[in-house]
Amino acid sequence: MRNFKIKKVALAAVCAALLFWEGLGCPAAETVQAAQKDSVVVVIDPGHGGTGGRNEGGIFGTNVEKHLTMLTAQAMKQTLEQFEGVRVFLTREDDREVSLTDRAKIAKQYGADLMVSLHYNMSSDHSLYGAEAWTSAFGDEYAKGQSFARLWLSDVQAAYGLYGRGAKVRLGSSGKDYYGVIRAARERGIPCVILEHCHLDNANDNGLVSAPEQIAAFGVTDALSVAKYFQLKSTALGLDYSGFSSPAVTAPGQGAQPDSTAPQILSATAKRAGEGTISVTVEAADPESGLLYYSWSADGGLSWSALQRWPGGETATFSCPVPASGSLLVRAHNAYDLTAQAAVTNP
């Protein structure tokens, strides 16, 4: 497990947010009402909730997603409420089922300027790691959502060393937004961003969710990203983001499209690097969503290495054992988890 680290700029906010521990589990009930027009309104949506199946969310070891999202949401709310000019609400305050449409309705009733849906990730083969965000593919909801999502990804990468998997869109078979909470929010004119903080089931990430304080700290970082996005300041925390500039994103004319094509491997060559070892150089490209990972197999595809971070650009170089039998294969993975595979030209 990696050591837990927080950026120094957030330490004051972390300490303040963790004060809620004594009263944890007893948040004050809020009545759904229209927000004051002179305040920014942020609705935090703790993902999942309720009993059974998808209501529980991802489960890995002792971590259950529905509990993690609530803990993160409470810390996020308490931190964000220490900034001036913002009102903060939750879509649920206890462990209960709330439909995706009802979550968006609650956000609409509060007059939300932004809806942030909190989640933690898992993958079917436990191979993926990193943080990612999902937004609407359409209109102002895309532009605003992507601007915040890109800001947030930068913040969590800097604070925790998480790998950035991108700010992405996904469409359903009807051509509308795939994720129900994003779709329902857009129907009501609300930008909604799903934040997948890290992967519970991968050793690269799960050290960051091994203690309640760490899970709460994610909520602090989320709150600071929101404060930056809305250029808020907090006298209590000694933070002033009034001059902060979020990433500029333009609304797409016909809607943004997810990457549907695999990367292209341009070349894969190897040379002797020592006794029993070869050095492999892979050149690949993916102009749509970028390269995310690479992996290799020294037994003709029977088994594969763990996913390695693509180093940037179009070239990755690594060392591996000389294949005892079969061919040496490499894969390049893009941000939408599409892969290309090629045989390495052996020395």
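The values are calculated or read from the model by the stated rules, or taken from the named source; none is laboratory data. Fair warning: this is a prediction, and the values are worked out from it, not measured in the lab. Note that we place each Cβ from the backbone using ideal geometry, even for glycine, and neighbour counts take in every protein chain shown. Remember, those area values only see protein heavy atoms, side chains included, never the ligands or the DNA or RNA. Shrake-Rupley method; radii C 1.70, N 1.55, O 1.52, S 1.80 Å.
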When residues of segment 255-299 are limited to those that are over 25 Å from the mean Cα position of the chain (by Cα) and not in a strand (DSSP E or B), the one nearest to residue 146 (Cα to Cα)
298
Out of 307, 338, sole residue that is open to solvent by 30 Å² or more (accessible area, probe 1.4 Å) and under 21 Å from the mean Cα position of the chain (by Cα):
338
Please enumerate the residues belonging to segment 35-77 that are crowded, with 24+ Cβ neighbours inside 10 Å and on the phi > 0 side of the Ramachandran plot.
48
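Kindly provide the set of residues from segment 314-326 that are in a loop (DSSP other than H, G, I, E, B) and either surrounded by 15 or more Cβ atoms within 10 Å (Cβ to Cβ) or modelled with pLDDT of 95 or more (or both), ordered by number.
314, 322, 323
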List every residue pair whose Cβ atoms lie under 8 Å apart, where the two residues are 6 or more positions apart in sequence or sit on different chains, the first residue falls within segment 32-44 and is modelled with pLDDT under 80, and the second residue, located anywhere, is of a type in the set (Val, Ile, Thr) and surrounded by 14 or more Cβ atoms within 10 Å (Cβ to Cβ).
32/106; 35/41
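With 167, 158, 203 as the choices, which residue is among the small types (Gly, Ala, Ser), open to solvent by 10 Å² or more (accessible area, probe 1.4 Å) and assigned to a loop (DSSP other than H, G, I, E, B)?
Details: 167 fails: assigned to a loop (DSSP other than H, G, I, E, B); 158 fails: assigned to a loop (DSSP other than H, G, I, E, B).
Step by step, each of 167, 158, 203 is checked, and only 203 is among the small types (Gly, Ala, Ser), open to solvent by 10 Å² or more (accessible area, probe 1.4 Å) and assigned to a loop (DSSP other than H, G, I, E, B).
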In segment 206-255, the residues that are among the small types (Gly, Ala, Ser), surrounded by fewer than 20 Cβ atoms within 10 Å (Cβ to Cβ) and closer than 25 Å to residue 129 by Cβ
207, 210, 211
Restricting the first residue to segment 159-170 and requiring it to be at positive phi, which pairs with a second residue that is part of a loop (DSSP other than H, G, I, E, B) and open to solvent by 20 Å² or more (accessible area, probe 1.4 Å) meet a Cβ separation below 8 Å and a spacing of at least six or different chains?
161/2; 161/5; 166/289; 166/290
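Scan 107, 28, 73, 12 and give me the residue that is in contact with a strand residue (DSSP E or B) (Cβ under 9 Å, 6 or more places away or on another chain) and at pLDDT below 95.
On the way: 107 fails: at pLDDT below 95; 28 fails: in contact with a strand residue (DSSP E or B) (Cβ under 9 Å, 6 or more places away or on another chain); 73 fails: at pLDDT below 95.
Exactly one residue qualifies, and that residue is 12.
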